[in-house]
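Readers should treat all values here as calculations from the given coordinates under stated rules, not as data from a laboratory. As the structure is a computational prediction, the values presented were derived from the model and not from experiment. Cβ sites come from the backbone with ideal geometry, for glycine too, and all protein chains shown count toward neighbours.
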Amino acid sequence: MPVKPQQHATVNPAIATHAHDGNGTKFDYHGFYNTELDKKHKDKSYRYFNNINRLAKEFPRAHMANKEEKVTVWCANDYLGMGRNPHVLKTMHDTLDEYGAGAGGTRNISGHNRHAVELEQSIAKLHAKEGALVFSSCYVANDATLATLGSKMPDCVILSDSLNHASMIQGIRHSGARKVIFKHNDVQDLEEKLAALPLHVPKIIAFESVYSMCGSIGPIEEICDLAEKYGAITFLDEVHAVGMYGPHGAGVAEHLDFEAHAAGRPRGTVVDRVDIITGTLGKAYGCVGGYIAGSNELVDTVRSLAPGFIFTTTLPPAVMAGARAAIDYQMSYNGDRRLQQLHTRAVKEALNERDIPVIPNPSHIIPILVGNAALAKQASDKLLQDHQIYVQSINYPTVPVGQERLRVTPTPGHTKEYRDHLVSAIESIWKELGIKRTSDWAAEGGFIGVGELAGSAEAETPLWTDDQLGIADAVRELRAVSPTRVTDRLLEREAKEREEATSAAATVTTAAAAA
Ligand SMILES: Cc1ncc(COP(=O)(O)O)c(C=O)c1O
């Protein structure tokens, strides 16, 4: 059959003329891009992207663009090293071989599979909730859930902590609901704002458990009290806490009733009172993806109404199976959490001893205050170039201008040799660049907790107690000898004990072989 020549629509002269109306020129797209980028460069908020290839077999090491150029990563959110955990990798390899690369569709059209079902069952069990729903990331989970609930509930008001993550801010914006911001972790301010709203109006209180840039921890129980009193529901982002806190790694809400959860009694606990828990599979669980957990009705409502869930391809089967393996592993093993906490304490102690300004907090995050965008970037560049240590600088708009910092995240793999290297590198950079120390901030009256005496001990007390970590007796013994570098000495002692046990086992094996 002869092929018909393609018909091209002719340009309507009226429209063509219209395109040159106005001041007679077309929009300058390049000019627009350049102006926007110039603004970012001028206010020092332009983001630089380093080529960091984290090595599964050499954790926490990575290579740069050139494979020979190795660095130690000190700022990843793979907090427990699950991204290279052998159980997770084996599960992922097996699933990939059996089910292939992609899910093949949205959940509703061929992307609903056993991996999604089983992952959601594990998440619901983790948080002791009726149901869970997995999204491609927690950014999407937060955005889609808040946007859906906020837009569908009549006259909904969303009360949002002033330090909430961009994903929640975006979700609230997308909902079109009225937003009321309360001061960070300030329950008095939140109560005043709740009391000013009519009781019958639906209200969502959106907040986090661990705030990732300062390491502060949300007052979950008090917020649940207020929600009950004023007829609100609670939306708790546990992104930086899942895997990390609680006897099963379910997050800070679980940690608050440690014994009850360890004994398998979740009813009546804080977890039970939170309406919506959101979490990520991309940080402590080492994979990618996000989720919400809550009642069956909530989950079904979001599943049925949220475009961010409905109109996107499901996560790959191997990723979902790997994430589930990571959750299950961390639900029954405390060793990574324990070591991560001890390494965090040891780094904080070492930096504090050297007058390096750590913003005090009870969590696993170590924010080191620089207080100047250009200096923070310079410090980060120097760590990388002169010391082969990667710590990205955190500048505006992630933190307010003047609060720029380095954010350090230890893992179970950051052993003493890495720690000593980091601390001496920071010390030399602080000296070289003349960056303010804790005592300098103190001389100015203190700033965001640094150099402020009032309340600092309370703010600094780790959420994980010595008893929960199983180190109470050892810490008492070591303190009695000397109050300094206690955790460092505890880790040294443990390493020595491990070494002795290994060599004793080797001696027994050799003797048995010789007999
Ligand atoms: C508090 C908080 N919520 C949500 C997210 C988004 O999570 P995900 O990386 O799974 O998209 C982040 C990411 O950094 C976060 O810090």
Sorted peptide list for 433-445, 36-48, criterion being average Cβ within 10 angstrom, highest first: 433-445, 36-48
Length released on extending from Leu453 to Phe49, taking residue separation times 0.36 nm less the Cα-Cα span: 141.7 nm
Computed E for Thr509/Ser332 - FRET, C-beta separation, R0 25 angstrom, nearest 0.05: 0.30
Against the rule of thumb 2.2 N^0.38 Å, how large the Cα Rg of the range 158-314 comes out: 1.02
Distance between modelled label sites at Ser428 and Ile109, nm, 7 Å Cα→Cβ extension: 5.8
Folded to 0 to 90 degrees: helix 317-332 orientation relative to the chain principal axis, Cα: 40
Quotient of Cα Rg and 2.2 N^0.38 Å for the chain, N being how many residues it contains: 1.10
Filter on Lys382/Lys496; Lys183/Lys377; Lys57/Lys283; Lys70/Lys382 - keep pairs with C-alpha separation over 26 Å: Lys382/Lys496; Lys183/Lys377
Part-to-part distance (alpha-carbon centres) for the range 274-334 and the range 225-248, which is given in Å: 16
Rounded Å value of the spacing that divides the Cα centres of the range 351-393 and the range 101-154: 36
